[in-house]
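Okay, so here's the structure we're looking at.
Read-outs: derived from the displayed coordinates by stated rules, not from any lab. Only a predicted model underlies this, so the values are computations on that prediction, with no experimental measurement involved. Cβ sites come from the backbone with ideal geometry, for glycine too, and all protein chains shown count toward neighbours.
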Amino acid sequence: MADDILKAFGISAQQSGVSTGKHWLEAGGADIVSVSPVDNKTIATVKSADRSNYDAVIAVAQEAFKEWRQWPAPRRGEIVRQIGEALRAHKEQLGRLVSYEMGKSLQEGYGEVQEMIDICDFAVGLSRQLYGLSMHSERPGHRMYEQWHPLGITAIISAFNFPVAVWSWNSMLAWVCGNVCVWKPSEKTPVTALACQRIVETVFAANNVPEGVCCLVTGGRETGEWMSNDHRVPLVSATGSTRMGKSVGAAVGARLGRSLLELGGNNAIIVSKDADLDMTLIGAVFGAVGTAGQRCTSTRRLIIHESVYDAFTAKLVKAYAQLRIGNPLDEKNHVGPLIDKDAVNAYLSTISQVKEQGGTFLVEGGVLEGAGYESGCYVKPCIAAVENTYAIVQHETFAPILYVMKYQTLTEAIAMQNDVPQGLSSAIMTLNLREAEQFLSAAGSDCGIANVNIGTSGAEIGGAFGGEKETGGGRESGSDAWKAYMRRQTNTINYSDKLPLAQGIKFDL
Ligand code: NAD
């Protein structure tokens, strides 16, 4: 299947992974071999960027910015509209490629491309709404207002689990804001990035967009470090683990640049005694096993009221027995593989640590073997009864391991939900208005996302997306997240024939 898709995007089996948006450079870095976790087959070998490739790309991007920033924002929006159209035309193929290279279900692969289309639509509207405020000056004959200008190069470092959507959340907004983008995709999913680059290149060529507005530099951690330490890059938007974010944040902070960090989560659903348990079951199971537990918003913890604990965990165990694990391109299956063997080892190590720390398994885990599971990346979703205070529970393991725990009062449940280092997504399932409002209040959830009667997983692009504490504090996508991609300028214009000073200061010559 890979060959057909590669052909559709004009990608060869041995391909440069460095592009300025118009030219593919001869890449001098290491080979990245993309292997599908679905069937262990090699999809393509991508040549990554060396330092001189990287510097060449940044130089082209700097030149492009000088022109692109002067295009009217609605005209930039028109280009993004056309990218949305191109993505609609390629939704099937790109969705399949995402599913095959990353291992998520085909439905989720299509969903990821739909999210890209949605953010294009959002960005088109935004291109006419980059509003600044106007203020009343304290001085006569003066006008004061603020405007938003583009920043320059936006470096985008993305994770494997949303290999293309995260890039689009950043790049579509950055482009309408007048920035140019340099993307370093995850080294685990370079081929989907090549496909996106091809799609955008075609649209840009048809519109004479300057070379350097959409750049791609494939590579690993070191390439990300070049970006973090590069004073030519005013904004680094990085999505990935908290470990990575601490390193990027420190490097960008040391040069007083801007970083937008979207890092790990440890998301919980509080299951109240007043919850609709049937509805809760769907949210909890999809949240825990969807994308094989490899979403930043995956449900990791269920904090269940003691009076419904036995009934609800019995439902969960029954539901897990019905899960079909297998090739994610087969729509009958609920759960696909983990991304690679390292992820399988992390899953197994977490299971051992849960046991060592006193947890008991309601549904046992394990690695699947035999026909259809030859890649060695398919694992069983499992459920463990634990205490929130276990060190392993405080840590995000990117795998389908669900922790269950009991509570007595809502205050106690909220404290447990908040008592982890991460602060991305949270939810309460309750039909009780008082409980819902307490959960959403200033004394409630401390996460960037707090839902009522919806699980933790699967956000809409219209809201600002991101989280607090070790999740990094950044916001992407909807609402006014665009402001992170621009610089604010306050302008005061004197149209009088006097020069009064602010605060009434007298200065006569
Ligand atoms: P990762 O941190 O291993 O890698 C992410 C990206 O960072 C890759 O492109 C990698 O090459 C790069 N990188 C790694 N170390 C770096 C460094 N020191 N400097 C610069 N770049 C560096 O993460 P992953 O395994 O690809 O993704 C899983 C993680 O991403 C999970 O923790 C998940 O929660 C998180 N995630 C968060 C969000 C969010 O929006 N909050 C979304 C998706 C994924």
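Among K7/K184; K41/K341; K104/K318, which pairs are too far apart, with a Cα-Cα distance over 18 Å?
Table pairs above 18 Å Cα-Cα are K7/K184; K104/K318.
Size of the dipole of the chain about the Cα centre, Lys and Arg at +1 and Asp and Glu at -1 on the beta carbon, nothing else charged, in debye to 20?
1020 debye
Given H placed 1.01 Å from N in the peptide plane, which residues other than close sequence neighbours of L424 have an amide H under 5 Å from its amide H?
For L424, whose amide H was placed from the backbone, the distant partners under 5 Å are N266, G448, E468.
At q = 0.16, 0.22, 0.25 Å⁻¹, what is the base-10 log of I(q)/I(0) for the stretch 26-105 according to the Debye formula with one equal point scatterer per Cα and no solvent? Please give it to two decimals.
Computed log10 I(q)/I(0) values: -0.96, -0.98, -1.00.
Taking R0 as 51 Å, what FRET efficiency do you get between D330 and N491 from their Cβ-Cβ distance, rounded to the nearest 0.05?
Here the calculated transfer efficiency is 0.30.
Is the stretch 1-43 rounded, prolate or oblate when judged by the Cα gyration tensor, a ≥ b ≥ c being the square roots of its eigenvalues, rounded requiring a/c under 1.5 and prolate requiring a/b larger than b/c?
Details: a/c = 3.18, a/b = 1.50, b/c = 2.12.
Cα axes put the stretch 1-43 in the oblate bin.
In whole angstrom, how far apart do the alpha carbon centroids of the stretch 10-82 and the stretch 145-214 sit?
Result: 9 Å between the Cα centres.
Short version: ³J(HN,Hα) in whole Hz for each residue of the stretch 133-142, in order, from phi by Karplus 6.51 cos²θ - 1.76 cosθ + 1.60 (θ = phi - 60°), x for Gly and Pro, what are they?
Per residue, the Karplus-derived 3J(HN,Hα) values read 8, 10, 10, 8, 6, 7, 9, x, x, 10 Hz.
Which whole-percent values make up P(r) of the stretch 1-142 when all C-alpha to C-alpha distances are grouped in 5 Å steps starting at zero?
Spelled out bin by bin, the stretch 1-142 gives 2, 8, 12, 13, 15, 16, 14, 8, 4, 2, 2, 2, 1, 1, 0 percent.
Could you bin all the Cα-Cα distances of the stretch 129-251 into 10 Å bins starting at 0 and give me the percent of pairs in each, rounded to whole numbers?
Pairs per bin, as whole percents: 12, 39, 27, 13, 7, 2, 0.
Over what distance in Å are the Cα centres of the stretch 431-509 and the stretch 95-113 separated?
32 Å
Grab the Cα-Cα distance for S12 and K318, subtract it from 0.36 nm times how many residues apart they are, and report the gain in nm with one decimal.
Working it through step by step, the gained length comes to 105.6 nm.
Mean residue ellipticity at 222 nm from the helices of the chain, using -39,500 (n - 2.57) per DSSP H segment of n ≥ 4 over the full residue count, to the nearest 500 deg cm²/dmol?
Only helices count here, giving -12000 deg cm²/dmol.
In whole Hz, what ³J(HN,Hα) sequence does the stretch 503-509 give by Karplus (6.51, -1.76, 1.60; θ = phi - 60°), x for Gly and Pro?
The phi angles translate into 6, x, 5, 9, 8, 9, 9 Hz.
Please give the FRET efficiency for S307 paired with E387, using the beta carbon to beta carbon distance and R0 = 30 Å, rounded to the nearest 0.05.
Calculated value: 0.95.
Calculate, for H231 and Q408, the FRET efficiency according to 1/(1 + (r/R0)^6) with r their C-beta to C-beta distance and R0 41 Å; round to the nearest 0.05. Please report the intermediate quantities before stating the final value.
Numbers: r = 54 Å, r/R0 = 1.31.
FRET efficiency, H231 to Q408: 0.15.
By its C-alpha gyration tensor, with a ≥ b ≥ c as the square roots of the eigenvalues, how is the stretch 258-364 shaped: rounded for a/c under 1.5, else prolate for a/b larger than b/c, else oblate?
Rounded, since a/c falls under 1.5.
For the stretch 441-486, just the Cα atoms, rotate onto the principal axes and tell me the three extents in Å, largest first.
Extents along the principal axes, in whole Å: 33, 21, 18.
Between the stretch 363-416 and the stretch 271-285, what's the alpha-carbon centroid distance in Å?
Between the Cα centre of the stretch 363-416 and that of the stretch 271-285, the gap is 18 Å.
P(r) for the chain, please, calculated from all Cα pair distances in 10 Å bins and given in %.
Spelled out per bin, shortest first, that is 4, 19, 27, 24, 15, 7, 2, 1, 0, 0.
Net charge within 11 Å of A292 by Cβ-Cβ distance, Lys/Arg positive one each and Asp/Glu negative one each, not counting A292 itself?
+2
Note the full-extension length gain between E374 and A89 as 0.36 nm times their separation in residues minus their Cα-Cα distance, in nm to one decimal.
Values: separation 285, 0.36 × 285 = 102.60 nm, distance 3.33 nm.
Computed gain between E374 and A89 is 99.3 nm.
Hey, any idea what Rg/Rh is for the stretch 267-452, computing Rh the Kirkwood way over Cα pairs?
On the way: Rg = 16.1 Å, Rh = 16.6 Å.
Taking Rh as the inverse mean 1/r over Cα pairs, Rg/Rh reads 0.97.
Any idea how far apart E460 and H395 come out in nm if each label point goes 7 Å out from Cα toward Cβ?
Those two pseudo-labels are separated by 3.7 nm.
State the extension gain, in nm to one decimal, for the chain segment bounded by R255 and A442, taking 0.36 nm per residue of separation less the distance between their alpha-carbons.
63.9 nm
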